[in-house]
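Accompanying notes for the structure given below.
The values are calculated or read from the model by the stated rules, or taken from the named source; none is laboratory data. Because the structure is predicted, anything quoted here is derived from the model rather than measured. Glycine gets a Cβ as well: all are built from the backbone with ideal geometry, and neighbour counts include every protein chain shown. Ligands, DNA and RNA are stripped out before the accessible areas are found, and what is left, the full protein with its side chains, is counted by its heavy atoms. Shrake-Rupley method; radii C 1.70, N 1.55, O 1.52, S 1.80 Å.
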Amino acid sequence: GAVVSQHPSWVICKSGTSVKIECRSLDFQATTMFWYRQFPKQSLMLMATSNEGSKATYEQGVEKDKFLINHASLTLSTLTVTSAHPEDSSFYICSAPDGGAATDTQYFGPGTRLTVL
Amino acid sequence: LAKTTQPISMDSYEGQEVNITCSHNNIATNDYITWYQQFPSQGPRFIIQGYKTKVTNEVASLFIPADRKSSTLSLPRVSLSDTAVYYCLVGGPNTGFQKLVFGTGTRLLVSP
């Protein structure tokens, strides 16, 4: 099946700094990608929908100025956590559907573990 | 978006068949049912998808009754490596272009 990669797989940063996480679709193009956050022992929570060439759509309660999303190409979306704080420590996962239909399989990246000290 | 309800956890033993049922009472006409598997510190992995009746692939079967208000994921002869969290999701063209909303999932523990 299709492959979605994330980089880095883990990152540790100091409070107040910004961290960028990349999500790439390796063998298919994705006009839409999704970003999720997952805390320990909890389910995935959808944060935002990343749209190639246009602004991201954020879920209710997610600060768009804190979680900057850029979908500059059909294979790359980035999530930047600005002015990170310890409460932002989490597992961030991206996903991308491999086609245009709602029934197309959606592939998930391996996730990025962010730890803010 | 259709809400799903699953058991929080299930226990099984190696070699047994495991059936995980998901309730989705307000599923829309155009919605499909998709199941994902997630291991700790990994992204979810697609298992199976269906619309009605029965779907089978190399790893699982999905049973969907006529009213589509529930679905059952069947894992034949589970092994220790099937210990994971299983998510049932419902979505379609009218629910935001493949935007997936994850429920609590079912934590399956397979013991020797």
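Descriptive notes on the structure:
- 10 Å Cβ neighbours from other chains, averaged over peptide B:32-45: 4
- For the range B:36-108, with all protein chains in place and a probe radius of 1.4 Å, 55% of the accessible heavy-atom surface sits on carbon or sulfur.
- Between A and B, buried accessible area from a 1.4 angstrom probe totals roughly 1800 Å², ignoring ligands, DNA and RNA.
- A Förster radius of 30 Å, combined with the Cβ-Cβ distance separating residue B:54 from residue B:111, puts the computed FRET efficiency at roughly 0.60.
- For chain A, A:13 have no disulfide-compatible partner, since no other Cys C-beta lies under 4.7 Å from theirs.
- Residue A:65 accessible area, 1.4 Å probe, all protein chains in place, Å² to nearest 10: 120 Å²
- Spacing of the modelled spin labels on residue A:64 and residue A:82, each 7 Å from Cα toward Cβ, amounts to 1.2 nm.
- Comparing B:81, B:23, B:70 in a Gaussian network model of chain B where C-alpha atoms under 10 Å apart are linked, the largest mean-square fluctuation is found at B:81.
- Longest DSSP-loop-exposure-free segment, trypsin sites (Lys or Arg not before Pro), chain B, at most 15 other Cβ within 10 Å: B:4-51
- Estimated translational diffusion coefficient (Stokes-Einstein, Kirkwood radius over Cα pairs, 25 °C, 0.890 mPa s) of the range A:20-101: 189 µm² per second.
- Label point distance in nm, residue B:5-residue A:105, each placed 7 Å from Cα along Cα→Cβ: 3.2 nm
- A viscosity of 0.890 mPa s and a temperature of 25 °C, combined with the Kirkwood radius over Cα pairs in Stokes-Einstein, give a translational diffusion coefficient for chain B of 175 µm²/s.
- With all projection directions averaged, the alpha carbon convex hull of the protein assembly as shown covers 12.2 nm².
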